[in-house]
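Asker: Following this message is one structure expressed as structure tokens.
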């Protein structure tokens, strides 16, 4: 009986330790420090983003992705990172970063295994002391995320080449205020909300990775919609199983898209009823059904991309869990 109790206690302690170590891994990556070097601290410090346009299935689409021009300490080339709040992590694409090893072999030492003697199974990696510069901002992290085995390798890099090297996700804005001005293609990071942006903010939720969950109301029912500016092309997208909650109209569009390297089809239809998202009313909005389930968080009812906000400015208060839309 005594041996049984000891065995049970040992198992519980081991499970608890493993769970704690797993959670430590998840939170390590989110310890970002952002410095604003703007000489005028009383004004909003804007930095630019750029749009990517793509041809999908022979049809041309504008504004399919947001890119942030930036520099990384240790690399002479200009770089871009995708602006993707649907990602819980900000980090480097391992495959693309490895393209620089031929030019500078010492860069290989920046990527390390995130493991301990206890966590022998852990194959995750981290980037040591990542320093990312964009506009007047410098974002640093001692243990930055590495998208393992992801990204496109680039042959014969020259200094003039701009390399797409990673993703800026939700974690970098922890306890900050993010303002995205879509018409002027710029964004700003603040420690507090500027007075003229503090109007009509609503309460929102953040998931365990800091990703934004917006309230949607339609026909008296409440839904939870993740805001994902990485799914830039879509006003709204949901799973095929949930599409009837939003629209029973016939399909009018089909697009083949890629989610983290996997291609799948989505079909679009119109929501003819008026609905309210993040405190604003919308009508005749297109919603897409994702038939693969890729990219749709299980704890949400769908996602909102950038298309609903292209003409507006949005305010995201990660510190106080608030969200606002400033219309033109």
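Asker: Suppose R0 equals 35 Å. What FRET efficiency, 1/(1 + (r/R0)^6) with r the Cβ-Cβ distance, do residue 274 and residue 128 give to the nearest 0.05?
Answerer: Once the sixth-power term is evaluated, E becomes 0.10.
Asker: Could you calculate the contour length gain from residue 136 to residue 101, that is, 0.36 nm times the residue separation minus the distance between their Cα atoms, to one decimal place in nm?
Answerer: 9.8 nm
Asker: Per-residue ellipticity at 222 nm for the chain, helices alone: DSSP H runs ≥ 4 residues times -39500 (n - 2.57), over residue total, nearest 500 deg cm²/dmol?
Answerer: The per-residue figure over the chain is -3000 deg cm²/dmol.
Asker: Quick one: length gained pulling residue 217 to residue 71 fully straight, 0.36 nm per residue minus the C-alpha distance?
Answerer: 48.4 nm
Asker: Rank the residues 266, 103 as a footprinting-exposure proxy: fewest other Cβ atoms within 10 Å of their Cβ go first.
Answerer: Fewest to most other Cβ atoms nearby, the residues stand as 103, 266.
Asker: Hey, how many Å between the Cα centroid of segment 92-109 and the Cα centroid of segment 135-173?
Answerer: Comparing the Cα centres of segment 92-109 and segment 135-173, I get a distance of 11 Å.
Asker: If eta is 0.890 mPa s and T is 25 °C, what Stokes-Einstein diffusion coefficient results for segment 32-177, Kirkwood Rh from Cα pairs, in µm²/s?
Answerer: Here the translational diffusion coefficient equals 148 µm²/s.
Asker: Here's a follow-up. So if I take the alpha carbon set of segment 202-328, get Rg, then get Rh from the Kirkwood formula, what is the Rg over Rh ratio?
Answerer: Ratio of gyration radius to Kirkwood radius: 0.94.
Asker: Report the calculated FRET efficiency for residue 319 and residue 281 (r = Cβ-Cβ distance, R0 = 41 Å), to the nearest 0.05.
Answerer: That pair, residue 319 with residue 281, gives E of 0.90.
Asker: Using label points projected 7 Å from each Cα along Cα→Cβ, tell me how many nm separate residue 33 and residue 209, to one decimal.
Answerer: Spacing of the two 7 Å Cα→Cβ label points: 2.6 nm.
Any read-out appearing in this document is the output of simple, stated calculations on the displayed coordinates, not a laboratory observation. This one's a predicted model, so the numbers in the text were calculated from it and none came from an experiment. So basically every Cβ, Gly included, is an ideal-geometry build from the backbone, and we count neighbours across all protein chains shown.
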